[in-house]
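The values are calculated or read from the model by the stated rules, or taken from the named source; none is laboratory data. Here the structure is a predicted model, which means the values were calculated and not measured. When we count neighbours, we look across all protein chains shown, and the Cβ atoms used for this are built from the backbone with ideal geometry, even at glycine.
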Amino acid sequence: MFSGASWLEGNAVGLSGRLPLLAVIYADVYFVSAMFRGDNAMIGNLINRLEEVLVALLLAAMTIVTFTQVVLRYVFNAGFVWALELTIFLFAWLVLLGMSYGVRVGAHIGVDLVVKTLSPPVAKVVGLAAIALCMFYAATMAVGGYQDVDLLLLIGIEAEDLPIPLWIPKLILPLGFILLFIRFAQAGWRLLTGKDTGIHLADEADEAIESLKEKHDTNSTGQQESAR
C-alpha cells in the first residue's frame with residue numbers, strides 16, 4: 001500500500017545522501033562556467049593554475065608511491081597493501097584531469113592533414129562539428145559518471161584496500177568530463193567568434209622540424225663565432 005509519509009522519508013534520505021556529490025559538482029560547474037563566461041579573470045586564472053598544480057601533484061604522488069613500493073618489496077621484502085589501488089586512483093585522476101588540460105594548452109595529437117587543405121570557412125565548419133562531437137562524448141560520459149558515483153554513494157561501498165568510500169576516488173569521472181566539456185565549449189566559442197582559426201593540436205612533425213631548425217641555427221652561429 002502506498003504511503004505518502006514513507007515516500008517522502010525515502011526521498012529525503014536519498015537526497016541527503018546525494019548532497020555531497022551535488023555540492024561538489026555544483027561548485028565545479030559554477031567556477032568553471034564563470035571562467036568560461038569571462039565574468040571574473042581571477043576565477044579563470046585560479047582554475048587554470050589549480051588544474052596545473054593538481055596534475056603536477058598527482059604525477060609526483062603516483063611516482064613517489066610506486067617508487068616506495070618497489071623499494072619496500074625488492075629491498076625489504078615488504079610493502080603496502082593499498083599502494084597498487086592508490087596508484088590506480090591517482091593515475092585515473094591524472095588522466096581525467098590531464099585530458100581537459102591538454103585541450104586548454106593544445107597538447108592533444110590530432111590528424112589534420114585533410115583539414116589543412118580546406119578553405120578557411122569549410123575548415124571552421126569541420127572544426128565546429130568535431131568540437132560538437134567531442135562535447136557530446138564528454139556530456140555522455142559525465143552523465144554516466146554521475147550515475148555511477150550516485151549509485152556508489154547511496155549503496156555505501158568502500159574501496160577494496162583503502163579505507164575510504166569508493167565514490168570519493170570515482171568522483172573524478174563526472175568532474176573530469178564536465179571540465180572537458182567546458183574546455184571544448186571554450187574552444188568552440190573561440191573558433192565561432194573568430195578568435196581562433198582552428199582547433200589547437202600538437203603537431204609532432206612541425207615540432208620536430210622546428211627543433212631541427214633551431215639546432216641548425218645554433219650550430220651555424222657557433223661555427224661563425226669559431227671562424228672569427
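Among the numbered conditions (1) under 13 Å from F177 (Cα atoms); (2) over 25 Å from the mean Cα position of the chain (by Cα), tell me where V81 comes up short.
It fails just one condition, (1).
Please work out which one of (1) within 30 Å of T87 (Cα to Cα); (2) at pLDDT below 85 is the condition I155 fails and give its number.
With (1) within 30 Å of T87 (Cα to Cα); (2) at pLDDT below 85 applied to I155, the lone miss is (2).
Is at least one residue of region 11-24 at pLDDT below 85, part of a helix (DSSP H, G or I) and closer than 20 Å to R183 by Cβ?
yes
So, K170, is that one outside any loop (DSSP other than H, G, I, E, B), crowded, with 16+ Cβ neighbours inside 10 Å, modelled with pLDDT under 90 and of a type in the set (K, R) or not?
no
Select from region 142-196 the residues that are free of Cβ contacts under 8 Å to residues at least 40 places away in the same chain and in contact with a Lys or Arg (Cβ under 7 Å, 6 or more places away or on another chain) and list them in ascending order.
Correct list: D148, L152, D196.
Starting from residues that are outside any helix (DSSP H, G or I) and of a type in the set (V, I, T), keep the ones in region 97-121 and report whichever is surrounded by the fewest Cβ atoms within 10 Å (Cβ to Cβ).
Checked region 97-121; the qualifying residue surrounded by the fewest Cβ atoms within 10 Å (Cβ to Cβ) is V111.
For region 108-157, which residues satisfy the criterion of being among the β-branched types (V, I, T) and within 18 Å of the chain's Cα centre (by Cα)?
Within region 108-157, I109, I131, T140, V143, V149 meet the criteria.
Could you tell me whether any residue of region 57-67 is modelled with pLDDT of 90 or more, surrounded by 13 or more Cβ atoms within 10 Å (Cβ to Cβ), over 23 Å from the mean Cα position of the chain (by Cα) and assigned to a helix (DSSP H, G or I)?
no
Does region 122-137 contain any residue that is under 18 Å from F89 (Cα atoms), buried (at least 17 other Cβ atoms within 10 Å of the Cβ), in contact with a Leu (Cβ under 7 Å, 6 or more places away or on another chain) and not basic (K, R)?
no
Condition first: more than 20 Å from L175 (Cα to Cα) and either modelled with pLDDT of 90 or more or part of a helix (DSSP H, G or I) (or both). Now tell me which residues in region 38-56 satisfy that.
A41, M42, listed by residue number.
If I go through region 68-96 residue by residue, how many of them are in a helix (DSSP H, G or I), among the polar types (S, T, N, Q) and exposed (fewer than 14 other Cβ atoms within 10 Å of the Cβ)?
1
Are there any pairs, at least 6 apart or on different chains, whose C-beta atoms fall under 7 Å, with the first in region 101-130 and over 21 Å from Q186 (Cβ atoms) and the second in a helix (DSSP H, G or I), and if so, which?
From region 101-130, the pairs are L118/V126.
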